[in-house]
Amino acid sequence: MYDHPVQPDLKITIDQWLDWLTHEKRVSLHTVDGYQRDLASFFKFLVVHFGFKPGIQDLNTIEAREFRSYLSKRKSDGLKLRSLARNV
């Protein structure tokens, strides 16, 4: 499991989504692992951006420019285009 630095309400939602992907949609465990890494990276970015661990309501305040900033950072970190596409 990955550390998702988020508030408990968002952690519950993430866990439910990952459970749905695994058991209902039956996606590959490698895919679930990739999604977990992507989420952990995004939420770590948000902690720095917001200055606190985000909850579900905080996600409503994110604008496209902030998401583009995250993707730009990931690209400058050396993330390949395929992984960037998965991040989207």
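The values are calculated or read from the model by the stated rules, or taken from the named source; none is laboratory data. None of these values were measured; they are calculated from a predicted model. Cβ placement follows ideal geometry from the backbone for every residue including glycine, while neighbour counts extend to all protein chains displayed. With ligands, DNA and RNA removed, areas are computed over all heavy atoms of the protein, side chains included. Shrake-Rupley method; radii C 1.70, N 1.55, O 1.52, S 1.80 Å.
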Where a residue in segment 23-36 is over 21 Å from residue 3 (Cβ atoms) and its partner, wherever it lies, is open to solvent by less than 100 Å² (accessible area, probe 1.4 Å) and in a helix (DSSP H, G or I), with Cβ under 8 Å and at least six apart: 27/21
Among residues of segment 34-58, those that are closer than 21 Å to residue 73 by Cβ and open to solvent by 50 Å² or more (accessible area, probe 1.4 Å), counted: 8
Residue satisfying all of: in segment 1-19; surrounded by 10 or more Cβ atoms within 10 Å (Cβ to Cβ) and of a type in the set (Asp, Glu); nearest to the chain's Cα centre (by Cα) among these: 15
Any hit, segment 20-30, residues being within 19 Å of residue 88 (Cα to Cα), hydroxyl-bearing (Ser, Thr, Tyr) and surrounded by fewer than 14 Cβ atoms within 10 Å (Cβ to Cβ): yes
